[in-house]
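Just below is one structure, and these are the notes that go with it.
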Amino acid sequence: MESSYNKQVVLITGCTTGGIGHALARAFAAEKCVVVATSRSRSSMADLEEDSRFFLQELDVLSDESVQNVLSNVLHEFGRIDVLVNNAGVQFVGPLAEIPLSAIQATFNTNVYGTMRLIQAVVPHMASRKKGKIVNVGSVSVLAPPPWAGAYTASKAALHALTDSLRLELRPFGIDVINVVPGAIRSNLGNSAAASYSRMPEWKLYKQFNEAIRARAYFSQGAKSTPSEEFAKKTVAAVLKKNPPSWFSYGHYSTIMAIMYHLPLFVKDFILRKAMKC
């Protein structure tokens, strides 16, 4: 492991190869940071194993014990955490009237409560040093919530709201809170959403929309999607600024969704119905 002296120590959740977290890990390392790359299994980020810039840890954001273990390992190894990036997330697609409640709970458990578990564990350490940065990865879908991914969008909307409150609450302790809002970024999110969709029950009311719902799993993975490496490089540059922005959005659809946010509801609904075939 490289010496962390005079380097930022960055802990990132959800660093599985092919995802945004993995790209962020590489981008932070390229900026001379020491990167604590975490995922539920080390084998899912095996390509980082031999690189001395990375400290790999198995982390389950759903487990208090797992979070505390990783934190104590990191503090023992480096003495500090300068930046926490809450990137781990899951997506289930399906109509809200029929998607199993367990799938909605699983979405919130990872995307909201998992994130808060990390924040509550890290904040006392950052507050004691009167410095630190917390980065929460949200979603542009919150700006114009589409059909078929309501659970995911709702979890990210909750995360946006928590991030706004945290930014104000943690400011007295010298901790910056940044809401990173990706547009359509090429990653393995589509594949994992499609895999979870195949385990969904057969829809009763929504049979005729089956193809449209399935297509929603891959909506962010079109030909014009922004490469995760490009997104990661821009994001890391923003986060590492002395005074980082409170909100950073980048990627395909990010501009159009920002415009959609300000449109009258009936216009927004019309556009989304056309785009999502409902």
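The values are calculated or read from the model by the stated rules, or taken from the named source; none is laboratory data. As the structure is a prediction and not an experimental result, all values here were calculated from the model. Here the Cβ positions follow ideal geometry from the backbone for every residue, glycine too, while neighbour counts run over all protein chains shown.
Collect the residues in region 222-248 that are in contact with a strand residue (DSSP E or B) (Cβ under 6 Å, 6 or more places away or on another chain) and free of Cβ contacts under 8 Å to residues at least 40 places away in the same chain, keeping them in residue-number order. Before you say what the answer is, go through the steps one by one.
Within region 222-248, the first condition is being in contact with a strand residue (DSSP E or B) (Cβ under 6 Å, 6 or more places away or on another chain), and the residues that meet it are 224-228, 231, 234-235, 238-239, 244, 247-248.
LYS234, the sole residue that qualifies.
Quick one: count up the residues across region 64-101 that are among the small types (Gly, Ala, Ser), under 17 Å from GLN120 (Cβ atoms) and surrounded by fewer than 23 Cβ atoms within 10 Å (Cβ to Cβ).
Here the count works out to 2.
ILE104 - would you say it is surrounded by 18 or more Cβ atoms within 10 Å (Cβ to Cβ), among the β-branched types (Val, Ile, Thr) and either assigned to a loop (DSSP other than H, G, I, E, B) or touching a strand residue (DSSP E or B) at 6+ places or on another chain (Cβ under 9 Å) (or both)?
Details: surrounded by 18 or more Cβ atoms within 10 Å (Cβ to Cβ): yes; among the β-branched types (Val, Ile, Thr): yes; either assigned to a loop (DSSP other than H, G, I, E, B) or touching a strand residue (DSSP E or B) at 6+ places or on another chain (Cβ under 9 Å) (or both): no.
So ILE104 fails the test.
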Q.
Exactly one of these conditions fails for VAL177: (1) crowded, with 19+ Cβ neighbours inside 10 Å; (2) under 19 Å from TYR152 (Cβ atoms); (3) at pLDDT 95 or above. Give me its number.
A. (2)
